[in-house]
Amino acid sequence: MVRINISDIASIVGVSPATVSNALNGKSGVSEETRQKIIKIAREYGYFKDNIFNTLQKTIRFIMYKKHGFVVCDTPFFTSLIEGITKESKAQGYELLISHVNFNEKDNKELIETIEKDYSEGILILATEMTSEDLLVLKNVNVPIVMLDSYFKNSDFDSVLINNVDAAYKATEYLIMNGHTNIGYLHSSVHINNFYYRRRGYLEALADYALKADKKFEIPLEPTAEGSYRDMSLYLKQKNVALPTAFFADNDIIALGAMRALKESGIKIPEDVSIIGFDDMPFCEISTPKLTTLKVFKQEMGKTAVRRLLDKIKENDNSIQKIEINTQLVVRESVLKIN
């Protein structure tokens, strides 16, 4: 492809070189329609890769998308994920830019503007709280994109995420192997794709061992520390409340909030009820009892997402890949072996 400069872009679009310069540098005075035409031509002709003066030549952007904030918040999970992204970006010689974007119910304008004004070579999007409808604004984006921590059927985007089905199956099977046949589910009251697939793994494990899921033991809890504690406390205050011998929880935050409520109600863990979590947050080691859980390799997820994005950038790899990272069972003290 012929190398292109600002004057060439100006001639193609039909504007002055000054307008092109302003558009490429995010300055005011250029209509959004003209800006998009200029960026489109610049990308099509490889301006961002070829121009040695472009300071963003070795830059990728990570967009932390927050739809409601029940899950995407300041927790060790996302801190570790970002650390992995940062380390791998640096190792590959790329500068990492991080943007925090909040969902707008009307038009998702902030996400659109962040992407349209970005000149990085590729974009990672934290998709934990996203829905398939949120992807519609991305369909005409002309740079490589990799979704992190979620997967959407029939989408045209690469995804790097936890192997949620197998992980939840593994957790439920561990409870079964410890003699539990009456297993409940502490699930998020807020829809998250990851939790949907964890429920599938939980149900598959029960079915494979000829056990039935009891709806009355599927308890919806807000996926925050205080919310899960509050909701579990309300559940336990019901008359003649019954409990299974064990629970699988969507994540550690839900598990620990529920444990707090159970203990305050005089229910011993694991003597009366066993609990297994998901994520392996640092506080699992200091809870009472210490929480048995599934370790998510958070830094490796971040590193894998960066490597996949760079494959798309450097190798022009247009294949669509779904990359799932397996988990590891971490046995501690919150599951009792029964006869």
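A few points about this structure:
- Radius 11 Å from Cβ of HIS180, net charge of other residues (Lys, Arg +1; Asp, Glu -1): 0
- Helix 298-314 and the longest principal axis of the C-alpha atoms of the chain enclose an angle of approximately 30°.
- For the stretch 164-296, with +1 on Lys and Arg beta carbons and -1 on Asp and Glu, the positive-most of ASN251, ALA213, SER274 along the dipole: ALA213
- Here the chain is assigned +1 on the Cβ of each Lys and Arg and -1 on the Cβ of each Asp and Glu. Its dipole about the Cα centre then comes out at about 80 debye.
- Taking the convex hull of Cα positions in the stretch 254-339, its mean projected area over all directions (nm²): 7.4 nm²
- Each pair of Cα atoms in the stretch 166-238 enters the Kirkwood radius, and Stokes-Einstein at 20 °C and 1.002 mPa s then converts it into a translational diffusion coefficient of 166 µm²/s.
- Crossing angle, helix 164-177 versus the chain [Cα axis fit, 0-90 degrees, rounded to tens]: 10 degrees
- Least to most buried among TYR229, TYR45 (fewest other Cβ within 10 Å first): TYR45, TYR229
- Taking all Cα-Cα distances within the chain, those exceeding 24 Å account for 59%.
- Whole-angstrom gap from the stretch 283-339 to the stretch 206-272, using each part's C-alpha centre: 24 Å
- Gain in span if fully extended, GLN321 to CYS73, counting 0.36 nm per residue against the direct Cα distance: 86.6 nm
- Inverse mean reciprocal Cα-Cα distance (Kirkwood Rh) of the stretch 164-296, Å: 14.4 Å
- Cα long-axis angle, helix 252-264 against the chain (0 to 90 degrees, to the nearest 10): 30 degrees
FYI, it's all coordinate maths here, none of it is from the lab. If you're wondering where the values come from, they're calculated on a predicted model, not measured in any experiment. Glycine also receives a Cβ, built like all others from the backbone with ideal geometry; neighbour counts cover every protein chain displayed.
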